Amino acid sequence: MEYEAVIGLETHVQLKTKSKMWCGCANQYGSEPNTNVCHVCLGMPGVLPVPNEEALRKTVLTGFLLNCEIPRYAKFDRKNYFYPDASKNYQLTQYDKPSTANGFVDFEFTGAGSVNGMSKVRITRAHLEEDVGKLTHFDRTSGVDFNRAGVPLLEIVSEPDLTSGDMAYEYLNALKEILIQGGVSDCDMEKGMVRCDVNISVRPVGTTGLGAKIEIKNMNSFSGVRRAAEYEIARQIEVVKSGGKLIQSTRRWDDVAGITEEMRTKENAHDYRYFPEPDMMPLAPTDAWLAEVKSLVVELPIARKQRFMRDYQIPAGDAEVFKSNVELGNYFEGLAKQSKNPKAVANWIINNLLAKISESKSRGDESLTEQSEEGQSLLTSAPTSILADLKFPPSALLELVALVEAKTISSAAAQQVFAEMFATGKPPAIIVQEKGLAQVSDTGAIEKFCDEAIAANPAPVADYKAGKVAALNSLKGQVMKLSKGKANPALVGEILEKKLKA
């Protein structure tokens with residue numbers, strides 16, 4: 001019997017707010033342990049929580065971004081459990097009446113279950129809760145830092161629509177991109193802003209029932225999710241094929257050993273003794289408030305990529321770059337709307353502009369781009385600008401493209417012009433004039449160079465006449481050398497062929 005995997009993900013995302021969920025303590029990473037705390041986030045007797053409106057706003061914004069319904073009634077509940085990182089012995093969360101429900105995420109994926117390179121994962125809900133403290137284990141003791149306790153946390157729960165580790169990996173990356181570009185979270189995994197629980201079961205192919213759900217807790221990297229899922233799928237299939245029985249449980253992923261290990265049998269909802277938070281009024285958003293939040297919705301990354309490919313006729317690889325970096329995409333679109341050749345504009349931005357910015361960054365030139373934290377790539381969205389301090393205006397890039405299109409300068413000369421333009425901010429036409437880079441298209445002058453090349457290179461001439469067409473390239477190179485790179489390459493080829501055939 002063949003088996004298939006069924007995977008659902010619970011993705012926990014810290015919201016981008018200045019303060020915590022129920023108090024005025026700073027939502028700030030990297031502070032000294034237990035300095036961003038107060039009697040509210042520590043759960044002292046008699047304290048009253050006050051909801052962070054910005055967290056409520058970002059929760060509903062996420063709902064809009066994930067195509068969710070926004071209920072007109074939501075509430076907070078107490079989820080009771082004892083663990084050292086939860087000072088209150090309960091967590092304030094949303095259980096049966098969340099702030100968002102019934103959405104979906106479309107994303108690119110070419111594996112099993114995809115249609116035309118696209119897949120869809122349904123979102124059960126995205127509910128708001130509070131984060132807990134952070135435990136650090138030493139040889140014989142453990143320490144707890146409550147700075148993170150009370151930070152607004154969004155739990156995005158998917159339906160069990162995923163079928164492989166690769167699919168989970170692509171879904172998580174698409175989700176992260178939506179949340180960053182939507183301004184919901186910075187999603188810095190090295191700072192613990194995104195963590196994931198992976199729920200996996202297996203079943204015989206062709207059946208619809210779900211097997212025993214086994215949860216892998218607190219994954220802190222997407223590549224780890226992919227590896228853990230693939231291992232666990234194979235492990236579960238091996239168990240059932242050998243006649244064993246799987247039971248609902250919680251496991252941990254050992255990234256070094258590459259295995260999952262059982263932690264405990266899984267609790268059910270009744271084990272947490274959920275009940276409505278008595279110190280919090282239900283949430284009932286008004287039409288005006290919902291309209292205000294909906295006005296913050298941005299174009300989804302995948303929609304942006306598809307639109308760029310359709311409207312500007314650029315390939316998927318180029319559109320992917322502009323999808324991943326909103327600032328760069330906006331820069332391209334502003335120029336593409338004014339250009340007859342958007343593909344050429346895209347080439348200059350991706351192959352030349354980004355390369356120069358990266359080069360400047362590696363030299364530590366912070367006048368052009370701020371250093372990215374945690375090795376962040378220039379091709380990912382970032383709150384810091386990589387274009388604000390360019391020395392040339394966007395119109396200069398259009399002018400450069402036009403000079404190449406008009407054959408005023410060669411492609412090789414254009415590279416020199418761009419380098420000078422990037423370094424000094426001078427207009428392309430001025431650089432061409434100062435450096436004498438204008439392309440020679442005068443047929444009389446080019447014929448003279450061709451005659452000289454033919455006379456000085458009898459061997460490639462004989463090879464060409466003997467049928468070795470590639471020998472023409474050698475002669476072209478000699479003509480370009482004689483013209484100091486200024487001759488129009490297309491004319492050089494035409495004139496050489498004409499002379500040699502004659």
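Of everything listed in (1) polar (S, T, N, Q); (2) surrounded by fewer than 20 Cβ atoms within 10 Å (Cβ to Cβ); (3) under 23 Å from Asn89 (Cβ atoms), the single unmet condition for Ser31 is (3). Taking region 53-168 as the region of interest, the strands (runs of 3 or more DSSP E) fully inside it that hold 2 or more residues being under 30 Å from Val298 (Cα atoms) are 90-93, 101-108, 118-130, 152-158. For region 324-365, a residue qualifies if it is of a type in the set (Lys, Arg), under 18 Å from Ala414 (Cβ atoms) and in a helix (DSSP H, G or I), and the qualifying residues are Lys343, Lys356. Just checking, does region 37-58 include any residue being of a type outside the set (D, E, K, R), crowded, with 18+ Cβ neighbours inside 10 Å, touching a helix residue (DSSP H, G or I) at 6+ places or on another chain (Cβ under 6 Å) and in contact (Cβ under 8 Å) with a residue 60 or more places away in the chain? Yes - at least one qualifying residue is present in region 37-58.
Each residue in region 401-417 was checked for being closer than 17 Å to Lys486 by Cα, out of contact with any Leu (no Cβ under 6 Å at 6 or more places or on another chain) and in contact (Cβ under 8 Å) with a residue 40 or more places away in the chain, and 6 of them qualify. Quickly run through region 274-312 and pick out the residues that are surrounded by 12 or more Cβ atoms within 10 Å (Cβ to Cβ) and charged (D, E, K, R). Once the filter is applied, which keeps residues that are surrounded by 12 or more Cβ atoms within 10 Å (Cβ to Cβ) and charged (D, E, K, R), region 274-312 yields Glu277, Asp279, Glu292, Lys294, Glu299, Arg304, Lys305, Arg307, Asp311. Restricting attention to region 178-194, report how many residues are surrounded by fewer than 19 Cβ atoms within 10 Å (Cβ to Cβ) and either free of Cβ contacts under 8 Å to residues at least 40 places away in the same chain or part of a strand (DSSP E or B) (or both). The number of residues fulfilling the criteria is 1. When residues in region 472-481 are screened for being of a type in the set (A, V, I, L, M) and modelled with pLDDT of 85 or more, 2 of them pass. Among residues of region 139-151 that are in the same structural domain as Tyr83 (by TED's automatic domain parsing), those with a beta-carbon under 8 Å from a residue that is aromatic (Phe, Trp, Tyr) at least six positions away or on a different chain give the pairs Gly150/Trp22. Scanning region 1-27 for residues that are small (Gly, Ala, Ser) and surrounded by 22 or more Cβ atoms within 10 Å (Cβ to Cβ) returns Ala5, Gly8. Restricting region 65-89 to residues that are surrounded by fewer than 19 Cβ atoms within 10 Å (Cβ to Cβ) and among the aromatic types (Phe, Trp, Tyr) leaves a set whose member that is modelled with the highest pLDDT is Tyr73. The residue that is surrounded by the most Cβ atoms within 10 Å (Cβ to Cβ), counting only those in region 219-271 that are touching a helix residue (DSSP H, G or I) at 6+ places or on another chain (Cβ under 7 Å) and acidic (Asp, Glu), is Glu230.
Among the criteria (1) part of a strand (DSSP E or B); (2) farther than 21 Å from Met189 by Cβ, the one Thr11 does not fulfil is (2). For region 197-249, taking the residues that are farther than 24 Å from Leu175 by Cα and assigned to a strand (DSSP E or B), the one that is nearest to the chain's Cα centre (by Cα) is identified as Val202.
The values are calculated or read from the model by the stated rules, or taken from the named source; none is laboratory data. Predicted model, so just to flag it, every value in this text is computed and none were measured. Glycine gets a Cβ as well: all are built from the backbone with ideal geometry, and neighbour counts include every protein chain shown.
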